[in-house]
Structures are given as C-alpha cells and as structure tokens.
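Trainee: Shown below is the structure under consideration.
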Amino acid sequence: MSDLLLKAFDKEDNENLPEVRVGDSVTVHVRINVGERNERVQMVRGTVIRVRNSGNNKNFTVRRIASNGVGVERTFLMRSPLIEKIEVHRHAHVRRAQLYFLRNLRGKAARLREKRF
Amino acid sequence: MKGLLGIKLGMTQIFDEAGNVIPVTIIQAGPCYVTQVKTTDKDGYEAIQVGFGETKEKRLTRGELGHLGLLKRDQKHPSRKVSKGIPPVRHLAEFRLKDASEYEIGQVLTVEQFQAGDRVDVTGKTKGRGFAGTVKRYGFGGGLKTHGQSDRHRAPGSIGATSGTAHVFKGKRMAGHMGNVRYTAQNLQVVRIDTEKNLIAIKGAVPGPKGSLVKIRDAAKS
C-alpha cells in the first residue's frame, strides 16, 4: 500500500511518445537551454542500448558514433517534459537486455540485424 | 505554527515545470488531532499535544483511552471527561508554541497547513548503525590503502601526544555507537502536497528508515 502512495506524485507516461525497445534506431528530440531565453530542440540519433523501467526514473540510453569515430552515449528520462518527440526508425533483433558489447565494436561489426513485424 | 506527525514512506524523484529532476521524500502526514492544550497558567509553558495514526481501542491502555476521552462517563465516574471526537491514536507528540490558545481539543490538523515552497524542519530517529568506526562515524580518512599497509586501512590514527600531555583529551572522536538518535533536518523545502491522500513531498532526505514516525513543523531558522 505504501508503495502505491510513494508513486502518488509520479507522472503518467507521455502518450505521444512511442515505446522504445533495446536495439531500436531512434531520433530523440530534446529541448535544451542555451543561456537565458534561448531554447532550442536538439536531435540525437543513435541506437538504444539500454532501457530501465523504474517509475519516474524510467530512462533509456542512446549510443551514437560522433565525429572521429568517438562513441557518445546519452541517457534520457522518459517522463521528462524536455523530451519533445521520439522517432523510432527500425527495430533490431537482439538477444540481450543491455547492448554494452557494442562499445567494443566499431564500423560494420557494430550493426544489428533488423527485426520486421 | 504549522506542525504535523507523519510516516516516512520513502524517497523518489519528481519533475518541476522546467524539467529539472528533484529528489524528494514522501511523507504520509496527518490527519492529526489536538489531544491537549497546554497553557502557561496550567502547565508552565504553551504547547499543543497532537495525536496521529488511528488504531483500535483495544491496542491502547486504559490510561491512554482516558486521556483521549474515550472512556464513558458512568455513575462511578460522573466527572470523567469525554472527548470531542478524537479517535484512538497510536502516537502522541507535543509542539511548543508562543500561544496555544487558538487551538482546542479535537481540532484536526492536515497537510493543508502547508503549501509548496514552505520551509520546514523534520525530526525523526536516525537509522541505527551500531558500533561504528571513525571512518563511518566522523568521516575520518582512514589509512593508506597501499605502500605496505596492513590492518591500518580504517584506523583512526594517532589519538594524542606522548608524555607531554600523557592522556587522551576528553571528547576525542573515537569509534562508538552511531545512529538511533533523534535528529532534526532543518530548513527543508516542501515541493508538493496531496491533500486527498494526505501526502507531502519534501526536497532531500529526512532522518529515519521507511515507515518511521517523523515530526514536521515550520522551520525555526529560514
């Protein structure tokens, strides 16, 4: 019972956002503040390597390869009001819950097999 | 005065309008009932005693029932006081005030006294840590982890000079019992209120384990 009360201040899942799964190729549109009154939307495109479900802390991590082949990972809070939009481009066939092995792979080796429904 | 008793439910995080994540402790507070009004004339100081946590009558002693006015008047006890609607409550606590005359027995206090942005002090009993060393108890650095050290990793180091003073000073911080004491976290911010479920979300941590009794009142220094 007390656990339910603990969740009383939790936000609902944003209905406009699609379900994100591990291995998905996504573009996340996230609002950021650059100084005062200078708000813009940033887009992060990459592969979802981790999804955590934990109430208000529900989050997922996107990995992308930035310039010079540097891997960049960014974690987004699913219920954050800063997330404008999430586009899911393709799903992948994965056999793990966390794709940490991608960190050690680069180039063609770091591809995932597409899963079609 | 704003004051309440509550049960600490645990910690979680919520978002503010700007999208910032705020760590909060959720407390189920109130409704509390004023069970006694203490005045300077009668008791030497001004305070109210409040009760919290409804329970069954059979769980209270007859002394407690009599205090709450839950025993009926009868021929043998015609002067016995009868309550003004106080239910049987498990916990009693006192709040010292400047002037207690604005309160009366049976009055109900709820979370509606507070609103988001208020500053409060929260009193509770900290988690017991048992016999703790100086590293945990006082944040001592401990010894070196390498360079051939053995058995010195969490040692307190020197506890004083040699024959010059020839004794260890009183109050020297050493290992000993830690926690399980009353502690007040001061000047915490109220982030959100749920009047329907009697919940209050307070920014940051609050003393005590989940399920423990805490006392909330308006901040002494703010």
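Trainee: Out of curiosity, is B:K197 of a type in the set (K, R) and touching a residue at least 24 places away in the same chain (Cβ under 8 Å)?
Mentor: yes
Trainee: When residues of region B:141-190 are filtered for being under 27 Å from B:A220 (Cβ atoms) and either of a type in the set (F, W, Y) or touching a Leu at 6+ places or on another chain (Cβ under 6 Å) (or both), how many remain?
Mentor: Final tally of qualifying residues: 1.
Trainee: So, B:I193, is that one outside the structural domain of B:T134 (by TED's automatic domain parsing), in contact with a Lys or Arg (Cβ under 9 Å, 6 or more places away or on another chain) and among the aliphatic types (A, V, I, L, M) or not?
Mentor: No, not satisfied.
Trainee: Then there is this: Keeping to region A:57-98, report how many residues are within 14 Å of chain B (Cβ to nearest Cβ) and either within 18 Å of A:K115 (Cα to Cα) or out of contact with any Leu (no Cβ under 6 Å at 6 or more places or on another chain) (or both).
Mentor: Quick first cut of region A:57-98, residues within 14 Å of chain B (Cβ to nearest Cβ) only: A:57-59, A:75-84.
This time we only want the ones that are either within 18 Å of A:K115 (Cα to Cα) or out of contact with any Leu (no Cβ under 6 Å at 6 or more places or on another chain) (or both), so: A:57-58, A:75-84.
The number of residues fulfilling the criteria is 12.
Trainee: Just a yes or no: is a residue in region B:146-158 within 23 Å of the chain's Cα centre (by Cα) and not acidic (D, E)?
Mentor: So in region B:146-158, the residues within 23 Å of the chain's Cα centre (by Cα) come out as none.
The answer is no; no qualifying residue exists.
Trainee: Continuing with the same structure: Let me spell it out: the conditions are (1) over 30 Å from A:I83 (Cβ atoms); (2) under 20 Å from the mean Cα position of the chain (by Cα), and B:L71 meets all of them except one. Which number is the exception?
Mentor: (2)
Trainee: While we're looking at this one, here's another question. Suppose we keep only residues that are polar (S, T, N, Q) and within 14 Å of another protein chain (Cβ to nearest Cβ) within region B:175-207. Which one would you say is surrounded by the most Cβ atoms within 10 Å (Cβ to Cβ)?
Mentor: Per the criteria, the residue is B:N198.
Trainee: Looking at B:K145, B:K172, B:K210, which is the one that is within 14 Å of chain A (Cβ to nearest Cβ) and either assigned to a loop (DSSP other than H, G, I, E, B) or of a type in the set (V, I, T) (or both)? So that I can check it myself, show each step before the final result.
Mentor: Working: B:K145 fails: within 14 Å of chain A (Cβ to nearest Cβ); B:K172 fails: within 14 Å of chain A (Cβ to nearest Cβ).
Of B:K145, B:K172, B:K210, the one residue that is within 14 Å of chain A (Cβ to nearest Cβ) and either assigned to a loop (DSSP other than H, G, I, E, B) or of a type in the set (V, I, T) (or both) is B:K210.
Trainee: Next question. Filter region B:77-103 down to the residues that are exposed (fewer than 15 other Cβ atoms within 10 Å of the Cβ) and under 21 Å from the mean Cα position of the chain (by Cα), then identify the one that is farthest from B:L65 (Cα to Cα).
Mentor: Among those that are exposed (fewer than 15 other Cβ atoms within 10 Å of the Cβ) and under 21 Å from the mean Cα position of the chain (by Cα), it is B:K98.
Trainee: May I pose another question? Being under 21 Å from B:C32 (Cα atoms), crowded, with 18+ Cβ neighbours inside 10 Å and not assigned by TED's automatic domain parsing to the domain that holds B:L68 is the requirement here; does B:T123 meet it?
Mentor: yes
Trainee: If you don't mind, another one. Restricting to region B:1-34, name every residue that is more than 14 Å from every other protein chain (Cβ to nearest Cβ), buried (at least 20 other Cβ atoms within 10 Å of the Cβ) and modelled with pLDDT under 90.
Mentor: The one that is more than 14 Å from every other protein chain (Cβ to nearest Cβ), buried (at least 20 other Cβ atoms within 10 Å of the Cβ) and modelled with pLDDT under 90: B:G3.
Trainee: When the residues of region A:72-83 are filtered to those that are surrounded by 14 or more Cβ atoms within 10 Å (Cβ to Cβ) and of a type outside the set (A, V, I, L, M), which remaining residue is nearest to A:A110 (Cα to Cα)?
Mentor: Selected residue: A:E73.
The values are calculated or read from the model by the stated rules, or taken from the named source; none is laboratory data. On a predicted model such as this, the values are computed, not experimentally measured, just so you know. In this analysis, Cβ positions are derived from the backbone assuming ideal geometry, glycine residues included, and neighbour counts consider all displayed protein chains.
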